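Single-structure report; data block below.
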């Protein structure tokens, strides 16, 4: 359970973010911005059902929900898959990338969670290819399309990051922060909460985000990637038939 709201959550990372050129940082900030057109604002990852049930009803319970996603759910698994896909793309290993992408596409607990990841991945990669064109981006996208493999969100981020030489540690932190921030934004609207409460939750999630990033960076084998958040999967399944819905998941 998160106990960090209102506490100082600043601690040193085990590994420093690799320095890189300003253009790469600019791209990373653009790609992870809430304004980047992936449609992330329309997904709640089962949170809408949790609010409907009363399980998430204030800043502390929202924080606990998002931490669960990061530590045990899709946040954990997706970050590990992102790291593996980044390495495969960086060495132009098509077979390795296809294997990881296929696992990422299948590793979803419900139809809505699959839609959430696949739709965002498709939109992300399409937008990056249009605005930051690169032959290797096209080649990776076409290779996966030829194999009929849906591009999950972390795979799209990994491909773009590797092609444009975004350091993996920075990419992992930015991706996980974006995932957490999107869920907090959904919670602020659903509970509802004030904007300052939302920022308190973001601050309290700094340590779980760093921990998830460190774990993902250490993963070297796709066979060790897993998620274990069955309650969130069940909430998502129930959301498919929820009577009143603001979000797509």
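The values are calculated or read from the model by the stated rules, or taken from the named source; none is laboratory data. Just so it is clear, the model here is predicted, and its values are computed rather than measured. FYI the Cβ positions are ideal-geometry reconstructions off the backbone, even for glycines, and counts take in every protein chain you see.
Here are a few things to note about the model shown:
- Test: residue 111 is within 24 Å of residue 37 (Cβ to Cβ) and within 15 Å of the chain's Cα centre (by Cα): no
- Among the residues of the stretch 35-48, those identified as surrounded by fewer than 24 Cβ atoms within 10 Å (Cβ to Cβ) and either over 17 Å from the mean Cα position of the chain (by Cα) or assigned to a helix (DSSP H, G or I) (or both) are 40, 41, 42.
- Of the set (1) part of a loop (DSSP other than H, G, I, E, B); (2) surrounded by fewer than 17 Cβ atoms within 10 Å (Cβ to Cβ); (3) under 18 Å from the mean Cα position of the chain (by Cα), all apply to residue 192 but (3).
- Residue 124, sole failed condition from (1) in contact (Cβ under 8 Å) with a residue 60 or more places away in the chain; (2) within 20 Å of residue 36 (Cβ to Cβ); (3) more than 15 Å from the chain's Cα centre (by Cα); (4) outside any loop (DSSP other than H, G, I, E, B): (3)
- Checking each residue in the stretch 195-206 for being touching a helix residue (DSSP H, G or I) at 6+ places or on another chain (Cβ under 9 Å) and either surrounded by fewer than 20 Cβ atoms within 10 Å (Cβ to Cβ) or not in a loop (DSSP other than H, G, I, E, B) (or both) picks out 195, 197, 198, 199, 200, 201, 202, 204, 206.
- When restricted to residues that are in a helix (DSSP H, G or I) and buried (at least 18 other Cβ atoms within 10 Å of the Cβ), the stretch 49-60 contains 5.
- Subset of the stretch 1-34 (residues that are modelled with pLDDT of 85 or more, surrounded by fewer than 14 Cβ atoms within 10 Å (Cβ to Cβ) and under 21 Å from residue 216 (Cα atoms)): 29
- Checking each residue of the stretch 215-237 against the condition of being under 21 Å from residue 25 (Cβ atoms) and either assigned to a helix (DSSP H, G or I) or in contact with a helix residue (DSSP H, G or I) (Cβ under 8 Å, 6 or more places away or on another chain) (or both) gives at least one match.
- One residue stands out among those in the stretch 136-164 that are within 14 Å of the chain's Cα centre (by Cα) and outside any helix (DSSP H, G or I): the one that is surrounded by the fewest Cβ atoms within 10 Å (Cβ to Cβ), which is 151.
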